[in-house]
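Written below as structure tokens is the structure these notes are about.
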Amino acid sequence: MERDKIISIATSTLSIEISELEKLKQRIGDEFVKAVEIIHSAKGKLIVVGIGKSAHVGNKIVATLNSTGTPAQFLHASEAIHGDLGVIQKQDVVLCISNSGNSPEIVNLVTYLKDYSSALIGMTGNRKSKLAEFSDVILDTHVDVEACPIQLAPTSSTTNQMALGDALAICLMEWNHFKENDFARFHPGGSLGKNLTARVEQFVSSQKPQVSQESSIKEVIISISASSHGITVVTDHEKIIGVITDGDLRRMLLNGDDISKVLAKDIMSVNPKTIEKDALAKDAMKILKNNNIGQLIVTENSQYFGIIDLHKLLDEGIN
């Protein structure tokens, strides 16, 4: 297939789905508001039910809800009628997703979903379906055109379902005043969690090179060489006076002949960039990037605590 043809098909697919989403947006009204209110006021959790492609959508909606502060659980329709209905408690709300609303599994299940829960919300593209008939609230996701050229594969319809699920989750998130710190509690792993919660102290190097103001060049070279940071910190009883990098040493050698009497205080850079050990690691990364430096001095109550390295933070997914 030619390049232009591929691009044409792709853009046409997206245009169709965008058009159907625009129509969905125009239908947002009282029924959607009622659904949000029912879920928010529920004393139990939200049970999301689906089958086929709607089941995949339902799993994603559950994942989004759980990560944004609304407890939810997925229930596969075919498993529900073979024993898993026991997961539904009377205080729970059920959101059942079915484009046709008349899938055999849904038809067999819908009366039980209604009886076993405190409320049944039907997300369907067919307001005359069995699911719609039994639902307390109908979330209308019908589409006029599927993006599939033979109108068989769920495309626009599942996009509408996914988008409406996101809208529910975000409304509930806002209503619950769910903020960044709350989000971080549910994402402790991976780079996302680390960027939200990780503190500088977690990444401080075990190496802590330092010299005094009166240290000789030999002592400075030994201190820098003994660590992997290419830097040593000049201190006075743990108070930070300055820093010396391997670059400072090279410049000193290029600018002078007699180095035997040169002391640390003669070549150090004063007022180095620092950060407290309790600060967020992402704030340390920001300082490193903004100042184009590879190491940052870590302090504890303004006293020298250690060194944090740019590459260590990058390796840990801090950005």
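The values are calculated or read from the model by the stated rules, or taken from the named source; none is laboratory data. All values reported here derive from a predicted model rather than from experimental measurement. Note that we place each Cβ from the backbone using ideal geometry, even for glycine, and neighbour counts take in every protein chain shown. The area values use the complete protein model at the heavy-atom level, side chains included, leaving out ligands, DNA and RNA. Shrake-Rupley method; radii C 1.70, N 1.55, O 1.52, S 1.80 Å.
So who's got an amide H within less than 5 Å of the one on residue 95, skipping anything under 5 residues away but keeping other chains? H placed 1.01 Å off N, in plane.
Excluding prolines and chain starts, which carry no amide H, the hits are 47, 48, 49, 121.
Any idea of the accessible area per residue across region 57-97, 1.4 Å probe, to the nearest Å²?
39
Working from the pairwise distances between different alpha carbons, so that the mean of 1/r is found and then inverted, what is region 104-149's Kirkwood radius in Å?
Details: mean 1/r = 0.0880 Å⁻¹.
Every distinct Cα pair counted, the radius reaches 11.4 Å.
Run the helix sum for the chain: -39,500 (n - 2.57) per DSSP H stretch of 4+ residues, divided by residue count, reported at 222 nm to the nearest 500 deg cm²/dmol. Each step should come with its number before you reach the end.
Working: 14 runs with 147 residues, N = 319.
Counting only the DSSP helices, I get -13500 deg cm²/dmol.
Where the accessible area of region 1-151 is counted over protein heavy atoms with a 1.4 Å probe, how much of it, in %, is carbon and sulfur?
Numbers: 4080 of 7610 Å².
It is 54 percent, rounded to a whole number.
When a/c is below 1.5 the answer is rounded, else prolate if a/b is larger than b/c, else oblate, so apply that to region 17-93 with a ≥ b ≥ c taken from the square roots of the Cα gyration tensor eigenvalues. It would help to have the intermediate numbers written out before the result.
Working: a/c = 2.06, a/b = 1.35, b/c = 1.53.
Verdict is oblate for region 17-93.
Roughly how tilted is helix 246-255, in degrees to the nearest 10 and between 0 and 90, from the longest Cα axis of the chain?
Between helix and principal axis, roughly 40 degrees.
Restricting everything to alpha-carbon atoms, can you work out Rg to Rh for region 245-319 with a Kirkwood hydrodynamic radius? Before the final figure, lay out the partial values.
Working: Rg = 15.1 Å, Rh = 14.1 Å.
With Rh from the inverse mean 1/r over Cα pairs, Rg/Rh is 1.07.
Could you estimate the translational diffusion coefficient of region 1-155 from the Stokes-Einstein equation, with Rh from the Kirkwood formula over C-alpha pairs, at 10 °C and 1.306 mPa s, in whole µm²/s?
97
Which residues' amide hydrogens lie under 5 Å from the amide hydrogen of residue 307, considering only partners 5 or more residues apart or on another chain, with H built in the peptide plane?
Residues meeting the criterion, in which the H sits 1.01 Å from N, are 205, 298.
Under a point-charge model restricted to the Cβ atoms of Lys and Arg (+1) and Asp and Glu (-1), what is the dipole moment magnitude of the chain relative to its Cα centre, in debye to the nearest 20? Present the calculation step by step, with values, prior to reporting the outcome.
On the way: 32 positive and 39 negative charges, 17 e Å.
Dipole of the chain, to the nearest 20 debye: 80 debye.
Using Cα centres only, tell me the gap between region 32-47 and region 287-319 in whole Å.
Using only Cα atoms to place each centre, the spacing works out to 45 Å.
Write down the Å³ per residue value for the convex hull defined by the alpha carbon atoms of region 54-139.
Numbers: hull volume 7.2 nm³, N = 86.
Looking at region 54-139, the number lands at 84 Å³ per residue.
Go through region 310-319 residue by residue and turn each phi into a ³J(HN,Hα) via Karplus (6.51, -1.76, 1.60, θ = phi - 60°); whole Hz please, and just put x for glycine and proline.
For region 310-319, the Karplus-derived couplings read 4, 5, 4, 5, 4, 4, 8, x, 7, 9 Hz, x marking Gly and Pro.
Using per-residue counts of other Cβ atoms within 10 Å, averaged over each peptide, order 127-135, 283-291 from highest down. Intermediate values should be presented prior to the final figure.
On the way: 127-135: 19.3, 283-291: 16.2.
Taking the mean over residues of other Cβ atoms within 10 Å, the ranking is 127-135, 283-291.
Which distance in nm do the two modelled labels at residue 316 and residue 73 give, with both placed 7 Å along the Cα-to-Cβ direction?
Computed distance between label sites residue 316 and residue 73 equals 3.6 nm.
Here are several values of Rg/Rh (Cα atoms, Kirkwood Rh): (i) 0.97; (ii) 1.06; (iii) 1.25. Which one was derived from the coordinates shown?
(iii)
Return the subset of 239/312; 179/312; 23/43; 34/130 for which the Cα-Cα distance in this structure is over 22 Å, preserving the input order. Walk me through the intermediate numbers first.
On the way: 239/312 25 Å; 179/312 28 Å; 23/43 33 Å; 34/130 20 Å.
239/312; 179/312; 23/43, as the Cα separations exceed 22 Å there.
Mind running the shape call on region 41-83? Use the C-alpha gyration tensor, a ≥ b ≥ c as the square roots of the eigenvalues: rounded below 1.5 for a/c, prolate if a/b tops b/c, oblate otherwise. Don't skip to the answer; put the middle values down first.
Numbers: a/c = 3.10, a/b = 1.43, b/c = 2.17.
It is oblate, given that a/c is not under 1.5 and a/b is not larger than b/c.
Angle between the Cα long axis of helix 281-290 and the longest principal axis of the chain, 0 to 90 degrees, nearest 10?
Around 60 degrees separate the two axes.
On the accessible surface of region 220-298, probed at 1.4 Å, how many percent belong to carbon and sulfur atoms?
49
Rounded to the nearest whole Å², what accessible area per residue is found for region 164-319 with the 1.4 Å probe?
Details: 8760 Å² over 156 residues.
Ligands and nucleic acids excluded, the result is 56 Å² per residue.
Whole-Hz Karplus ³J(HN,Hα) for region 263-273, in order, using 6.51 cos²θ - 1.76 cosθ + 1.60 and θ = phi - 60°, x for Gly and Pro?
10, 4, 5, 7, 10, 6, 9, 8, 6, x, 6
Quick one: Karplus J couplings for region 83-94, per residue in order, coefficients 6.51, -1.76, 1.60, θ = phi - 60°, nearest Hz, x for Gly and Pro?
Whole-Hz 3J(HN,Hα) from phi for region 83-94: x, 7, 4, x, 6, 7, 10, 4, 7, 7, 10, 10.
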